[in-house]
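Before we start, here is the structure in question, set down as structure tokens.
Taken together, the values in this text are just the output of simple stated rules run on the coordinates, not laboratory data. These numbers were taken from a predicted model, which means no experiment stands behind them. Counting neighbours? That spans all protein chains shown, and the Cβs are built from the backbone with ideal geometry, glycine included.
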Amino acid sequence: MKRREFIINSAIAIGGTALLSGCGEKKLIKSENQVAKRKYRDIEVPLLALGCMRLPMRNDEIDQQELDRMVDYCMEHGANYFDTAYMYVDSKSELAIGKSLKRYKREDFILADKSPIYKMKTREDVREIFDEQLKKCQVEYFDFYMCHNINKNTVDTYRNVAMYDELVKLKKEGKIKYLGFSFHGTPDILREVVKEHKWDFAQLQINYLDWDVVKAKEQYDIVQAEGIPVIVMEPLRGGGLVNLSDKALAKLKEHYPDTTPASFGLRWAASRKNVVTVLSGMSNLQQVKENIQTFIDYKEMTEDEIKVADEISKIIQSQGEINCTACKYCMEVCPRGINIPAAFALYNQYKVSKSKMSFTMYYDTLSEAEQPDACIKCGLCSKNCPQNLDIPALLTKIADEYKKIKAS
């Protein structure tokens with residue numbers, strides 16, 4: 001037995017023989033208050049899904065009891081879609097959600113998982129790791145399965161190991177129902193990927209701040225043009241659209257005093273017409289209850305609400321260490337075509353959230369020509385800036401921060 005298989009089997013065995021045999025299966029009791037659903041192919045998918053990247057923790061381990069309570073509440077209210085991945089929570093997410101869902105009949109829940117491109121060396125690795133994931137999640141198939149995190153750094157590996165072809169074989173064997181990909185790259189790469197194969201869905205970063213800042217709208221339009229349904233990730237930008245600044249929160253409350261930032265952001269994402277479901281990385285039962293209530297009482301966003309979201313986005317972009325109003329006058333004269341407002345917005349958000357992973361991930365969504373280190377320090381941007389910002393110096397600061405994080 002390989003060491004990796006031994007570790008997986010040992011971890012699963014902790015749940016006991018009753019868990020493995022399916023004894024003590026939890027009876028599904030549904031509440032009258034069910035979340036809104038959308039039809040996808042031959043199934044109904046809840047408009048809210050539990051993303052399993054930010055699970056509840058206790059003493060540096062996943063709090064299984066709290067996770068079970070979260071899962072039970074989701075199941076009770078029809079939010080039966082769960083999204084995990086190989087590396088989530090130090091590779092413990094699959095084991096934890098598998099243990100929790102094992103208490104229910106397999107047909108009662110929808111489980112999504114992802115093939116970790118960074119782990120792949122050969123075609124054979126694709127199936128080997130897939131089988132490992134099935135074992136960790138204690139299931140015989142995945143409803144939604146995807147090539148995970150296609151971007152400029154992973155796209156060659158995804159192609160070289162023929163990942164799509166290998167996963168299609170698993171789909172024909174009935175081990176995958178719907179095959180897609182998650183994406184964190186540039187629009188140019190996305191255009192290539194959507195045309196290379198026949199995809200059932202795409203998972204994209206979509207929220208009202210990134211709609212223009214990092215070209216989420218352009219990516220959404222590319223996928224929609226190919227007739228590929230979208231699953232939304234990061235609808236609240238890792239919590240950044242929940243913890244709004246005083247000025248941004250005041251703008252929301254001025255127009256909609258009874259609306260929470262979380263509800264506002266989730267509804268904005270769900271209101272895109274091509275969206276199947278919206279993933280929310282909830283970390284405790286209270287968050288689950290609040291978000292589920294949003295989708296029990298779900299109403300699509302009005303044009304006025306969308307305008308307010310755009311106003312809030314502009315406020316967020318203008319606040320922080322760099323006082324940029326995203327007027328884009330600098331871009332009108334930049335000979336390199338650097339996306340200066342996007343770079344500033346990413347840096348401001350990073351200083352608030354302190355999330356190095358989010359900062360580097362979003363930074364990488366900019367093409368090389370658009371990134372801060374493409375600056376030639378001609379100074380034309382500063383001369384055109386209404387805020388009199390020393391833009392070349394700020395771009396250098398951002399680029400240096402990115403390189404420092406990458407090197408650490």
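Using DSSP loop states and a limit of at most 15 other Cβ atoms within 10 Å to flag GluC sites (Glu not before Pro), what is the longest stretch of the chain containing no flagged site? Walk me through the numbers on the way to the answer.
Working: sites that count: Glu25, Glu32, Glu140, Glu173, Glu226, Glu300, Glu321.
The segment 33-139 is the longest one with no such site.
To continue, here is another question. If neighbour count is taken as other Cβ atoms inside 10 Å, put Thr186, Thr396 in order from fewest to most.
Working: Thr186 21, Thr396 15.
In increasing order of surrounding Cβ atoms, one gets Thr396, Thr186.
With everything on Cα atoms, drop me the angle between helix 123-137 and the longest principal axis of the chain, reported from 0 to 90° to the nearest 10.
The angle comes out near 70 degrees.
Simple spin-label model, 7 Å along Cα-to-Cβ: Lys273 to Asp258 in nm?
That separation, rounded to one decimal, is 2.9 nm.
In whole angstrom, how far apart do the alpha carbon centroids of the range 34-109 and the range 339-398 sit?
Taking the Cα centre of the range 339-398 as reference, the centre of the range 34-109 is 36 Å away.
Just want the answer: with Cβ charges of +1 for Lys and Arg and -1 for Asp and Glu, which residue in Ala36, Val194, Pro235 is farthest toward the dipole's positive end in the range 3-308?
Projecting each Cα onto the dipole axis, the largest value belongs to Val194.
Can you put Ile97, Ile189, Ile176, Ile405 in order, fewest other beta carbons within 10 Å first? Let's see the in-between values first.
Details: Ile97 27, Ile189 19, Ile176 23, Ile405 14.
In order of increasing Cβ crowding within 10 Å: Ile405, Ile189, Ile176, Ile97.
Taking 0.36 nm per residue of separation and subtracting the Cα-Cα distance, what length does fully extending Ile306 through Met357 add? Intermediate values should be presented prior to the final figure.
Numbers: separation 51, 0.36 × 51 = 18.36 nm, distance 2.84 nm.
Here the segment from Ile306 to Met357 would lengthen by 15.5 nm.
Would you mind working out the magnitude of the charge dipole of the range 238-320 relative to its Cα centre, with +1 at each Lys and Arg C-beta and -1 at each Asp and Glu C-beta, to the nearest 20 Debye?
Details: 10 positive and 11 negative charges, 43 e Å.
For this selection, approximately 200 debye.
Within 10 Å of each residue's Cβ, count the other Cβ atoms and sort Phe142, Phe181, Phe109 from fewest upward.
Ranking Phe142, Phe181, Phe109 by Cβ neighbours within 10 Å, fewest first, gives Phe109, Phe142, Phe181.
Can you give the Kirkwood hydrodynamic radius of the range 321-407 from its Cα pairs, in Å with one decimal?
12.9
Something else about it: Considering only DSSP beta bridges with both partners in the chain, what is the antiparallel share in %, to the nearest 5? Please list the in-between numbers first.
Details: 6 of 35 bridges.
Here the share of antiparallel DSSP bridges comes out near 15 percent.
What is the dipole size for the range 321-407, taken about its Cα centre, with +1 at each Lys and Arg Cβ and -1 at each Asp and Glu Cβ, in debye to the nearest 20? Intermediate values should be presented prior to the final figure.
Values: 11 positive and 9 negative charges, 42 e Å.
Magnitude of the dipole: close to 200 debye.
Please identify every one of the trypsin sites (Lys or Arg not before Pro) in the range 122-224 that sits in a loop by DSSP and has no more than 11 other beta carbons within 10 Å of its own beta carbon.
Working: sites: Arg123, Arg127, Lys135, Lys136, Lys152, Arg159, Lys169, Lys171, Lys172, Lys175, Lys177, Arg191, Lys195, Lys198, Lys215, Lys217; in loops: Lys152, Lys175, Lys198, Lys215.
Sparse-neighbourhood loop trypsin sites (Lys or Arg not before Pro): Lys198.
Then there is this: Excluding Gly227 itself, calculate the net charge of residues whose Cβ lies under 14 Å from the Cβ of Gly227, where each Lys or Arg counts +1 and each Asp or Glu counts -1. Before the final figure, lay out the partial values.
Working: positive: Arg41, Lys195, Lys198, Lys273; negative: Asp200, Asp221, Glu226.
With Lys, Arg at +1 and Asp, Glu at -1, the neighbours total +1.
What is the dipole size for the range 3-308, taken about its Cα centre, with +1 at each Lys and Arg Cβ and -1 at each Asp and Glu Cβ, in debye to the nearest 20? Don't skip to the end; give the middle numbers.
Values: 47 positive and 48 negative charges, 85 e Å.
Roughly 420 debye, rounded to the nearest 20.
For Cα pairs less than 8 Å apart in space and 6+ apart in sequence, what is the mean separation divided by the residue count of the chain, i.e. the relative contact order in percent? Can you show the working numbers first?
Values: 680 pairs, mean separation 57.7, N = 408.
In percent, rounded to a whole number, it is 14.
Next up: Could you please state, rounded to a whole Å, how far the C-alpha centre of the range 243-285 is from the C-alpha centre of the range 168-237?
Value for the Cα centre distance between the two parts: 22 Å.
Which one, Met331, Thr157, Leu179, projects farthest toward the positive side of the charge dipole computed for the chain from Cβ point charges (K/R +1, D/E -1)?
The residue sitting farthest along the positive end of the dipole is Thr157.
Quick one: which residues, 5+ away or cross-chain, put their amide H under 5 Å from the amide H of Ile110? H built at 1.01 Å from N.
Hits under the 5 Å cutoff: Tyr81, Phe82.
Enumerate the lysines that Lys299 could reach by cross-link, defined here as Cα to Cα under 26 Å, with residues fewer than 8 away along the same chain left out.
Lys30, Lys37, Lys39, Lys215, Lys217, Lys247, Lys251, Lys253, Lys273, Lys289, Lys307, Lys314
On the first, second and third principal axes, largest extent first, how far apart are the outermost C-alpha atoms of the chain in Å?
Computed over the Cα atoms, the extents are 71, 51, 44 Å.
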